[in-house]
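> I'd like to ask you about the structure that follows.
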Amino acid sequence: MKIIITGKNGQLGWELLDTQPAGVEVYAFSSQELDITDADEVNATFAKLAPDFVINAAAYTAVDKAETDIEACYLVNKVGVENIAKACKTINAKFVHISTDFVFDGKQNTPYKPEHKTKPIGVYGESKLAGEKSVLELLPSSSIIIRTAWVYSSHGNNFVKTMLRLMRELPKLGIVYDQVGTPTWAKGLARVIWQLIEKDYDELLSVSDFGKVYHWTDAGVTSWYDFAIAIQQQGLTLELLSNEIPVRPIPASAYPTPAQRPSFSVLDKSSLEKLTGIETIHWQKQLNTMLTELL
């Protein structure tokens, strides 16, 4: 089985390569190696390699910059995704596309299900939703979209590694307490994606399982503040940190950003748990496992 992975240098791309199953032929590309915004380049690459599956882990993710860099954001998250979907359709490949909790406005107080009404509140979320729509329109029977949130990994830049660095450098921190969601260890998400592909290869997935949106994060609910507290506590236990600093909760209004964030973005994972047979693991346990990779 041949697989193309885009965005290989990102957190998820890196973890997909780190967890790839035996017997799978993987062709992974960075944005420098494959420009998904260039339709001719995408078509030529896909025609040459003839993959069975394409996993798109490439995205424009600079949420704040996107508010002014609108064209570049849409070029990757909408046009680039559309180019991949069209190329997949041409060569009859199946497509797993990664999306985001930012397609919701965060006004709910119960977990968002895949079928809940989308209402982005910023350019990044709008561009990701536009990409989703292109995939479902072009590949209604051979695509799977997975929305995720608060992704981190031992590879790349993310909240966990930033907190560890700041806790070593600063005497105190203020972290937003009124934005609630669930962290996602990228390695756990990667394993779910591989499970989906392997199930399809074994002909366990049905046509009705495709052309749908699914959600995946770790289990549980937290705020950025409580996430930071857990990072510090576990970092001290594992001796990744040498001393404790005060971490105080602050409202999002005290930390203004160009892009508005959803205040509540907990996702309901039950449909993807059922489809893959994998149960979500609590975010604190996943955090501990990731932090041990940094030792």
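The values are calculated or read from the model by the stated rules, or taken from the named source; none is laboratory data. This structure is a prediction, so every number in the text was calculated from the model and none was measured. Because the Cβ atoms are built from the backbone with ideal geometry, glycine has one as well, and the counts that use them run over all protein chains shown. Each accessible area value is taken on the protein alone, full model and side chains, heavy atoms only, with ligands, DNA and RNA left out. Shrake-Rupley method; radii C 1.70, N 1.55, O 1.52, S 1.80 Å.
> Being at pLDDT 95 or above, surrounded by fewer than 18 Cβ atoms within 10 Å (Cβ to Cβ) and not in a loop (DSSP other than H, G, I, E, B): is that true of residue 117 here?
It is false that residue 117 is at pLDDT 95 or above, surrounded by fewer than 18 Cβ atoms within 10 Å (Cβ to Cβ) and not in a loop (DSSP other than H, G, I, E, B).
> Is it fair to say residue 219 is small (Gly, Ala, Ser) and under 21 Å from the mean Cα position of the chain (by Cα)?
Yes; evaluated as a whole, the condition is true for this residue.
> Something else: Here is a list: 32, 20. Which entry is without any contact (Cβ under 8 Å) to a residue 12 or more places away in the chain, in a loop (DSSP other than H, G, I, E, B) and surrounded by fewer than 20 Cβ atoms within 10 Å (Cβ to Cβ)?
That would be 32, the only listed residue that is without any contact (Cβ under 8 Å) to a residue 12 or more places away in the chain, in a loop (DSSP other than H, G, I, E, B) and surrounded by fewer than 20 Cβ atoms within 10 Å (Cβ to Cβ).
> Quick one: count up the residues across segment 46-91 that are closer than 24 Å to residue 261 by Cβ and assigned to a loop (DSSP other than H, G, I, E, B).
10
> On the basis of being of a type in the set (Gly, Ala, Ser) and either without any contact (Cβ under 8 Å) to a residue 12 or more places away in the chain or surrounded by fewer than 19 Cβ atoms within 10 Å (Cβ to Cβ) (or both), does residue 174 make the cut?
yes
> In the set 225, 214, which member is within 17 Å of the chain's Cα centre (by Cα) and aromatic (Phe, Trp, Tyr)?
Result of the check over 225, 214: 214.
> Among the numbered criteria (1) free of Cβ contacts under 8 Å to residues at least 60 places away in the same chain; (2) aliphatic (A, V, I, L, M); (3) crowded, with 24+ Cβ neighbours inside 10 Å, which one does residue 144 miss?
(1)
> Further question on the same structure: Could you list all residues from segment 70-84 that are touching a residue at least 40 places away in the same chain (Cβ under 8 Å) and either hydroxyl-bearing (Ser, Thr, Tyr) or surrounded by fewer than 24 Cβ atoms within 10 Å (Cβ to Cβ) (or both)?
70, 74, 76, 78, 79, 82, 83 - these are the residues of segment 70-84 that are touching a residue at least 40 places away in the same chain (Cβ under 8 Å) and either hydroxyl-bearing (Ser, Thr, Tyr) or surrounded by fewer than 24 Cβ atoms within 10 Å (Cβ to Cβ) (or both).
> Now a separate question. What number of residues in segment 268-277 are within 18 Å of residue 149 (Cα to Cα) and either open to solvent by 60 Å² or more (accessible area, probe 1.4 Å) or in contact with a helix residue (DSSP H, G or I) (Cβ under 6 Å, 6 or more places away or on another chain) (or both)?
Here the count works out to 1.
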